[in-house]
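The values are calculated or read from the model by the stated rules, or taken from the named source; none is laboratory data. A quick note: this is a predicted structure, and the numbers were derived from the prediction, not measured. Cβ coordinates were reconstructed from backbone atoms using ideal geometry, including for glycine residues, and neighbour counts include every protein chain displayed. Surface accessibility is based on the protein's heavy atoms, side chains included, excluding ligands, DNA and RNA. Shrake-Rupley method; radii C 1.70, N 1.55, O 1.52, S 1.80 Å.
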Amino acid sequence: MKNAHIGAVVAILAAVSGAAPGLEAQSRNGDAPASVVPLKVIYVNYINRKANACVDFNDFANGAWLTKDVIPAAYSTSGVARDMSDRNELVVRSVLDDAMAKRKSLPVQSTERKLGTFYATCMDSAGAERAGIASIEPELRAISAITSKTALLHQIARMQMHGADVAFGYGPDVDPHDAAHYLGGFGAGGLGLPDRDYYVKTDPSSDSLRVAYVDHITKLLTLAGESEAQARGEAKRILALETELAKPQLTRVERREPSASDHPMTLAAFHAITPSIDWDAYFKDVGASTAAAKLNVAEPKFFSRLNTLIASAPLDDWKVYLRYHEIQGAASWLSTPFVNENFKFSQKFSGAKQLLPRWKRCLRETDQVVGEALGQAYIAKSFSPQARTRAKSVIDDIRAAFGERVKKLDWMSAKTKQQALIKLERMGEKVGYPDTWRDYTKLEADEGAFALNVQRANEFEWKRTINRPGLAVDTTEWGITVPTVNAYYNPQKNEMVFPAGALAPQTFDPKADDAANYGALGGSWAGHELTHGFDDEGRHFDAAGNLTDWWQPSDSAKFSKEAQKVVDQFNSYIQIDTLHVNGKLTLGENIADYGGLLTAYDALQRALKRNGRPGSIEGFTPEQRFFLGYAQSWRNHTRPEEMRTRVTLDPHAPEKWRVNGPLSNIAAFAAAFGCKPGDPMVRAAALVPHIW
Ligand SMILES: [Zn+2]
C-alpha cells in the first residue's frame with residue numbers, strides 16, 4: 001500500500017481488464033451476476049491425490065482445481081482472490097443498484113444519493129457514446145492555450161488535483177522522523193507506462209512494448225481529432241519526455257530501502273535544487289493555504305532532472321504530454337473507440353481477452369473514488385459482529401505467538417529483542433471496518449459525464465487532505481475500502497489493517513475448524529501482515545512509526561545474512577519462461593510469508609491446547625489442515641502476460657512459490673506430511689533461513 005506507482009497502474013489496468021494483482025474478481029457468465037459457489041476455507045476436491053505433497057505441495061493442495069480451471073475471457077487470473085471479489089461485488093452491486101434507483105428522491109447532500117449518481121452516470125453507456133470526447137474538451141482547450149512555463153505549472157497542478165499522475169507527485173505524507181505529524185511529500189512520477197524499467201530496459205520485449213506504447217498514444221490522439229502523422233510525431237516526443245522523467249527514478253528494489261527516499265528539506269533548500277519551478281505558485285494552485293514548512297523530497301535526483309526539463313524542454317512537448325495524459329486518464333469513460341483502445345493496450349500487461357462487463361468496471365471505479373461511502377452499507381449486508389470477534393481472536397493469538405517466538409530467537413540480542421517486543425506491543429490493528437466514516441458532505445456529483453465525476457471525486461480527496469502538513473496524523477483513517485480483498489501493514493503507523501472484504505471464506509470462516517482458519521487467515525494474512533513490521537523494510541521503523549535504527553549492529557548483520565538466504569532461494573525459482581523471480585524485490589513479502597506461517601503454526605498450537613484437539617477432519621489432521629488452509633488460500637491461475645508483468649511490478653512472488661518456498665523451510669510441515677530429507681519440499685538445513 002505504500003507504493004503510489006503500483007496503485008496508479010493497478011487502477012488503470014483494473015478499470016479496463018480486472019488485472020489488479022491480488023484484487024481480481026470474476027463473473028463467470030458475462031454480464032449476469034455470477035452464480036457464486038458457497039465459499040469454504042478448504043476444498044478437499046481441489047486436492048490432487050496423484051501429486052506427492054513432499055514433491056510439490058502447491059500441486060497437491062490445488063492441482064485438481066488447476067488442471068480444470070479456465071480463466072474467463074475478461075480476466076487475467078482466477079482463484080481465491082477472484083472468487084472472493086465475485087462475492088463481495090455482488091453485495092456491493094445490490095447497494096449501488098438500490099442507490100441508483102432511488103437517488104433522485106434522496107436529499108441532494110445525502111451520501112447515498114451521491115453514490116447512486118456516481119454509479120448511474122458511469123452505467124450510462126448511451127450518454128458516454130453520444131458525448132464522445134466532449135466532456136474533457138474544455139480541459140484540452142486549456143492545455144492548448146498554454147503559452148508560458150508558469151501556465152504549464154498551473155495546468156500540471158490542476159490535472160494532479162483531478163487525479164492525473166503528471167510530471168511529479170505531491171501530497172501530505174507521514175513525517176518519516178516524526179510519525180505523529182504530516183509533512184509535504186514530493187515524489188517521482190509522471191510516467192504513462194507502469195514502471196521506469198519499461199523505459200530504460202533494452203531487451204526485445206521492452207523494445208516492442210515501447211513501440212506498442214507509441215502506437216497507443218498515436219491512436220488516442222488520432223481519436224481525439226489529430227491526423228495520424230501529427231499524432232505519431234507527438235507520440236514519439238511524449239515517449240522521449242517520459243523517458244527523461246524515468247531515467248533518474250529509483251528502481252523498485254532501490255525503493256525498498258527506506259533511507260533511499262528519506263530527504264527532509266526546507267522549501268528554501270528545495271528551491272535551490274529546482275530554481276526553475278515556482279513552488280509558491282504551485283502551492284497556491286493546489287489550494288495549500290500555507291506552503292508546507294517541512295518537506296520530504298523522496299528523490300532529489302529526479303527533481304533536479306525535472307527542473308532541467310521544465311526549463312529546457314520545448315513547451316510544445318510538455319503540452320502534448322499533458323494532452324495525452326488528459327485523454328488517457330478519461331479514456332475508460334469516454335465513447336467506445338477510446339475505451340477499446342485503452343483496453344487493447346492494457347492487454348499487453350494483463351493478457352485478458354475481453355473487456356470486463358460495464359457494471360464491474362463501474363462498481364470498481366465507484367469503490368475506488370468514493371469507497372468509504374459504500375463501506376457502511378456493505379457491512380450491514382455482509383459482516384457480523386461475531387465474525388469480527390472471531391477474527392480478532394485469531395489475530396490476538398498471532399500477536400501472542402509472535403512475542404513468544406521473539407523471546408526464543410537464538411540469533412538476536414536481548415537489547416534488540418526488547419525493542420522488537422515494544423514494537424509488537426504498540427502495533428495497532430484495524431479489523432473489519434472503520435470506527436469513524438469519512439464525511440462526504442463536500443463531495444460533488446452531478447448527472448452529467450462520469451469522467452468529470454471521477455475528476456470531482458479526486459479533487460474532493462485532494463482538498464480533504466492537502467492542508468495536512470504540520471497537523472497531527474489521523475490514526476483512524478483506512479488506506480483501502482471495506483469490500484476490498486486485501487490487507488496491509490503500514491510501517492509509519494505501525495498498524496495492520498484487515499477489511500471485512502478479506503475476512504470471509506476462503507480466507508476465514510467463523511464456522512470452520514481452528515486449523516483451517518489459522519492456516520489461511522492466520523498464516524496468509526494476520527501472521528503475514530504482522531511480520532511486515534519486521535521485514536527488510538518494516539524493521540527500519542520503530543514502535544512509533546519513526547524511521548530510526550533500533551537494532552544492535554550485530555543483530556542487523558545477522559538479519560541481513562539470513563535474509564540473503566531468502567533472496568537466494570527465491571532468485572532460484574522460475575516465474576515464467578526463462579524469467580526468474582526477483583529475490584530482492586519480493587524479499588519483504590517472502591519474509592512475511594515465512595514468519596507469518598511459523599507464527600500462525602504456533603498460534604494454532606495455542607488454540608488447540610485451549611479449545612481441545614479435534615480428530616481428523618475430511619481425512620486430515622489439524623496440522624495437515626493448517627498447511628492445506630495456507631496453500632489453498634493462495635490458489636491461483638494467472639495468464640502468462642500478467643505473470644510477465646508481475647516480474648517487474650509485483651513485490652509478491654507467484655503463488656506457487658509463496659506456498660512451496662516457505663513450506664520447504666519448515667520442519668513442522670515435513671513432519672505433518674511425512675516428508676524426508678532429500679525430498680524437494682525439504683530444503684537442506686544449511687539453506688534454511690532463520691529469521692522470525
Ligand atoms: Zn504482504
Task: residue 102-residue 418 pseudo-label distance in nm [points 7 Å out on the Cα-to-Cβ vector] - done: 6.0
Task: Residues residue 315 and residue 544, FRET efficiency given R0 of 45 Å [Cβ-Cβ distance, rounded to 0.05] - done: 0.45
Open item on the list: Multiplying the sequence separation of residue 439 and residue 340 by 0.36 nm and subtracting their Cα-Cα distance, what value in nm do you get?
Closed with: 32.1 nm
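Is the C-alpha gyration tensor of region 255-403 telling us rounded, prolate or oblate? Criteria: a/c under 1.5 is rounded; beyond that, a/b larger than b/c is prolate, otherwise oblate.
The shape class here is oblate.
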TODO: Give the carbon-plus-sulfur fraction of the accessible surface of the chain in %, rounded to a whole number; probe 1.4 Å, heavy atoms of protein chains only.
DONE: 54
Task: Computed over region 532-579, the ratio Rg/Rh where both radii use C-alpha atoms and Rh is Kirkwood - done: 1.14
TODO: In Å³ and rounded to a whole number, note down the convex hull volume per residue for the Cα atoms of region 200-255.
DONE: 88
- [ ] Please report, in whole Å, how far the alpha carbons of region 109-155 spread along each principal axis, starting with the longest.
- [x] 42, 27, 11
Open item on the list: Let me test this: with uniform point scatterers at the alpha carbons of region 176-304, what is the Debye-based log₁₀ I(q)/I(0) at q = 0.12, 0.21 1/Å?
Closed with: -0.63, -1.16
Open item on the list: Suppose we keep just the alpha-carbon trace of the chain; what are its Rg and Dmax in angstrom?
Closed with: 25.0, 77
Task: At R0 = 51 Å, FRET efficiency that the Cβ-Cβ distance of residue 93 and residue 269 yields, to 0.05 - done: 0.50
- [ ] Tabulate in residue order the Karplus-calculated ³J(HN,Hα) for region 611-625, using 6.51 cos²θ - 1.76 cosθ + 1.60 with θ = phi - 60°, rounded to whole Hz; enter x for Gly and Pro.
- [x] 9, x, 9, x, x, 5, 10, 6, x, 10, 6, x, 5, 5, 5
- [ ] Looking at the chain, send over the antiparallel percent of its DSSP beta bridges, to the nearest 5.
- [x] 70
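Output the direction-averaged projected area (hull surface divided by four) of the convex hull of the alpha-carbon atoms of region 483-637, in nm².
Directional mean of the projected Cα hull area for region 483-637 stands at 11.3 nm².
Taking 0.36 nm per residue of separation and subtracting the Cα-Cα distance, what length does fully extending residue 679 through residue 230 add?
Extending this stretch completely gives an extra 155.5 nm.
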TODO: Express in nm, to one decimal, how much length is gained between residue 577 and residue 68 on full extension, taking 0.36 nm for each residue of separation and deducting their alpha carbon distance.
DONE: 181.1 nm
Open item on the list: Given points 7 Å out from each Cα along the Cα-Cβ axis, report the residue 44 to residue 201 separation in nanometres with one decimal.
Closed with: 4.4
TODO: Stick to the Cα atoms of region 598-637, pair each with every other, and give me the Kirkwood hydrodynamic radius in Å at one decimal.
DONE: 11.0
TODO: Per DSSP H run of at least 4 residues, take -39500 (n - 2.57); add these up for the chain, divide by its residues and hand me the 222 nm value, nearest 500 deg cm²/dmol.
DONE: -16500 deg cm²/dmol
Task: Scattering curve values for region 566-661, log₁₀ I(q)/I(0), Debye with Cα scatterers, q = 0.12, 0.21 Å⁻¹ - done: -0.47, -1.01
- [ ] For residue 170, list long-range residues whose amide hydrogen, built 1.01 Å from N in the peptide plane, is under 5 Å from its own amide hydrogen.
- [x] 187
TODO: Determine the equivalent ellipsoid of region 77-153 by diagonalising the alpha-carbon gyration tensor, then write out the semi-axes as square roots of 5 times the eigenvalues, largest first, rounded to whole Å.
DONE: 34, 21, 14
- [ ] Please report, in whole Å, how far the alpha carbons of region 623-673 spread along each principal axis, starting with the longest.
- [x] 37, 18, 13
Task: Calculated P(r) of region 26-160 - Cα pairs past 17 Å, % - done: 76
- [ ] Give the Cα extents of region 280-349 along the principal axes, in whole Å, largest first.
- [x] 45, 29, 25
TODO: Hey, can you find the accessible area per residue of the chain for me, probe 1.4 Å, expressed in square angstrom?
DONE: 38
TODO: Would you kindly calculate the mean projected area, averaged across all directions, of the convex hull enclosing the Cα atoms of region 112-253, in square nanometres?
DONE: 13.0
TODO: Please state, rounded to one decimal and in Å, the Kirkwood hydrodynamic radius that region 339-488 gives when every pair of distinct Cα atoms enters the mean of 1/r.
DONE: 19.6
